[in-house]
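**Student:** Please see the structure below; I have some questions.
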Amino acid sequence: MDLQTFQALLTPAGQQVLQAAEALAPREVDFLAHFTALSRRFPADLSRAALEAAILRREAMAKFPFAERLYFTRPALEQATAYPVSSYRAERFHPYQEVLDLGCSIGGDTFSLAQAAFTFGVDLDPLRLAMARANLRELGLEERALVVQGDLLRLPFRLAQGMALFFDPARRTQQQRIYSVQDYLPPLNVVNDWLQSCPSVGVKISPGVSLAELGEYQAEIEFISLDGELKEAALWFGPLRTAERRATLLPDKHTLAGLPDDRREGERLPIHEPQTYLYEPDPAVLRAGLVGMLGLQLGAAQLDPDIAYLTAEQHMPTPFARAWAVEAWFPFSLKRLRRALRERQIGRVTVKKRGSPLEPERLIQDLRLSGDQERVVFLTHLQGRPIAILAYPGLAG
């Protein structure tokens, strides 16, 4: 979709085509059939644009509770932050009267930021900016936000101490994802120029970022998961910084903050064989390097200094980890594992692993299970030696 076609889609005639497209409840796999049907009644360019908009709205429901009112491009939707994450993140900006949303795209973060402070969105892509304006109107936020075209390397605003910046650099080209922060568009180090005039800066980065690349930045690093799935990471500079490292679990806003494990001298967890309970920390806790801090809270030990499973004799409920009751454990061999499962008449297993090269699907096939019982099988290490742990499936959290 180009800018001219999108503008035509916003006209009464274009909205009629969009309503017809949405009535089809279209999916990407059925695009050709739906396009053929629509283009018999409406102009081909509008039919294509309306069908694309309707498909993306359906797909966007997983990220936005009001997706049926919004406009997207596919790359913009794929890169957009889920609304529960952007809403949580925007809470840090409540003390400010003005926020610059740098790299605002179709407005996915602007929606949340505008509810915290008046927000100026900046982007270079005219189509995405037009969609952002339409989206803000649809949400009744046009009095709370203004989006303008501009190059992030030459900002169209004068930065001031009393405002805050939110920076969302492009992390994907048309061909592939970008992994290094120095290859972001623009690169992360552009924040060094902004910090001289405006110390309150937040940055959205990939959750898979190399922590070694962030060593030069004096910022809090926060990893955020939603419903147990790691979604993104954020850097917080200046007054927005509240900790060295943070793990946040949404939607309930549980947060764990402190020094990462490699900075916590003299507070290493003990190493112990599997006890009555096994804990698997949330992926945000893992990426934040706060497994040791969590283990101290739980009174738990590690199985191996390089493995993030925790174990304890007593169960302590926590939002930061799932827990399983351990039934048995032993040095790993396929023969021994198969025998242990057959003795217990276990016909269904979920295989989880850390530090094991085995593929769970292939292992399950090789076990040739039968029986009416179910267990969780953990493949991991105990002080460098491969072990298997059998656990009951019912306990979690």
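Yes/no matrix, rows are residues, columns are (1) at negative phi; (2) of a type in the set (Phe, Trp, Tyr); (3) out of contact with any Gly (no Cβ under 7 Å at 6 or more places or on another chain); (4) part of a loop (DSSP other than H, G, I, E, B):
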residue: Phe72; (1), (2), (3), (4): yes, yes, yes, yes
residue: Ala76; (1), (2), (3), (4): yes, no, yes, no
residue: Leu100; (1), (2), (3), (4): yes, no, yes, no
residue: Ile106; (1), (2), (3), (4): yes, no, yes, yes
residue: Phe120; (1), (2), (3), (4): yes, yes, yes, no
residue: Arg128; (1), (2), (3), (4): yes, no, yes, no
residue: Ala132; (1), (2), (3), (4): yes, no, no, no
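**Student:** Moving on. Checking Asp304 against (1) touching a residue at least 24 places away in the same chain (Cβ under 8 Å); (2) under 29 Å from the mean Cα position of the chain (by Cα); (3) exposed (fewer than 14 other Cβ atoms within 10 Å of the Cβ), which single condition isn't satisfied?
**Tutor:** Only one criterion is unmet by Asp304, namely (3).
**Student:** Say whether the condition of being touching a residue at least 40 places away in the same chain (Cβ under 8 Å), surrounded by fewer than 20 Cβ atoms within 10 Å (Cβ to Cβ) and within 29 Å of the chain's Cα centre (by Cα) is met by at least one residue in segment 290-299. Even if it seems obvious, please write down each step before you answer.
**Tutor:** We begin by selecting, within segment 290-299, every residue touching a residue at least 40 places away in the same chain (Cβ under 8 Å); these are 290.
Add one more test, that the residue is surrounded by fewer than 20 Cβ atoms within 10 Å (Cβ to Cβ), and what stays is none.
No: zero hits.
**Student:** Related question: Would you point out which residue out of Gly208, Gly215, Gly202 is within 20 Å of the chain's Cα centre (by Cα) and at pLDDT below 95?
**Tutor:** Matching residue, one of Gly208, Gly215, Gly202: Gly208.
**Student:** When only residues in segment 152-174 that are under 21 Å from the mean Cα position of the chain (by Cα) and among the polar types (S, T, N, Q) count, which is surrounded by the most Cβ atoms within 10 Å (Cβ to Cβ)?
**Tutor:** Our first condition is that a residue be under 21 Å from the mean Cα position of the chain (by Cα); within segment 152-174, this holds for 165-174.
Going one step further and asking which of them are among the polar types (S, T, N, Q), we end up with 173-174.
Numbers: Thr173: 11, Gln174: 5.
Restricting to residues being under 21 Å from the mean Cα position of the chain (by Cα) and among the polar types (S, T, N, Q), the top hit is Thr173.
**Student:** Scanning for something under 24 Å from the mean Cα position of the chain (by Cα), of a type in the set (Phe, Trp, Tyr), within 20 Å of Leu129 (Cα to Cα) and surrounded by fewer than 15 Cβ atoms within 10 Å (Cβ to Cβ), does segment 48-64 turn up at least one residue?
**Tutor:** No; the residues of segment 48-64 include none that is under 24 Å from the mean Cα position of the chain (by Cα), of a type in the set (Phe, Trp, Tyr), within 20 Å of Leu129 (Cα to Cα) and surrounded by fewer than 15 Cβ atoms within 10 Å (Cβ to Cβ).
**Student:** Still on this structure: Considering only segment 33-47, state which residues are under 26 Å from Ala132 (Cβ atoms) and among the polar types (S, T, N, Q).
**Tutor:** Matches in segment 33-47: Ser47 only.
**Student:** Give, as residue ranges, the strands (runs of 3 or more DSSP E) completely inside segment 246-364 that count at least 1 residues that are of a type in the set (D, E, K, R).
**Tutor:** On the way: elements: 254-258, 277-281, 310-312, 321-331, 346-353.
The strands (runs of 3 or more DSSP E) meeting that bar are 277-281, 321-331, 346-353.
**Student:** Within the bounds of segment 145-166, is there any residue that is in a loop (DSSP other than H, G, I, E, B) and of a type in the set (Val, Ile, Thr)? Break it down stepwise before answering.
**Tutor:** We begin by selecting, within segment 145-166, every residue in a loop (DSSP other than H, G, I, E, B); these are 150, 152-153, 155-163.
Imposing the further condition that a residue be of a type in the set (Val, Ile, Thr) reduces the set to none.
No, segment 145-166 contains no residue that is in a loop (DSSP other than H, G, I, E, B) and of a type in the set (Val, Ile, Thr).
**Student:** Right, here's the next one. When you scan segment 188-197, do you find a residue that is part of a strand (DSSP E or B) and at pLDDT below 95, even just one?
**Tutor:** No - not one qualifying residue is present in segment 188-197.
**Student:** Has segment 376-392 got any residue that is over 18 Å from Gln302 (Cα atoms), assigned to a loop (DSSP other than H, G, I, E, B) and touching a residue at least 60 places away in the same chain (Cβ under 8 Å)?
**Tutor:** yes
**Student:** For segment 56-67, how many residues meet the condition of being without any contact (Cβ under 8 Å) to a residue 12 or more places away in the chain and either outside any loop (DSSP other than H, G, I, E, B) or among the charged types (D, E, K, R) (or both)? Let's see the steps before the verdict.
**Tutor:** Step one: filter segment 56-67 for residues without any contact (Cβ under 8 Å) to a residue 12 or more places away in the chain, giving 61, 67.
Applying the additional criterion that residues be either outside any loop (DSSP other than H, G, I, E, B) or among the charged types (D, E, K, R) (or both) yields 67.
Of the residues in segment 56-67, 1 are without any contact (Cβ under 8 Å) to a residue 12 or more places away in the chain and either outside any loop (DSSP other than H, G, I, E, B) or among the charged types (D, E, K, R) (or both).
The values are calculated or read from the model by the stated rules, or taken from the named source; none is laboratory data. Bear in mind that the values here come from a model prediction, so they are computed numbers and not experimental data. In this analysis, Cβ positions are derived from the backbone assuming ideal geometry, glycine residues included, and neighbour counts consider all displayed protein chains.
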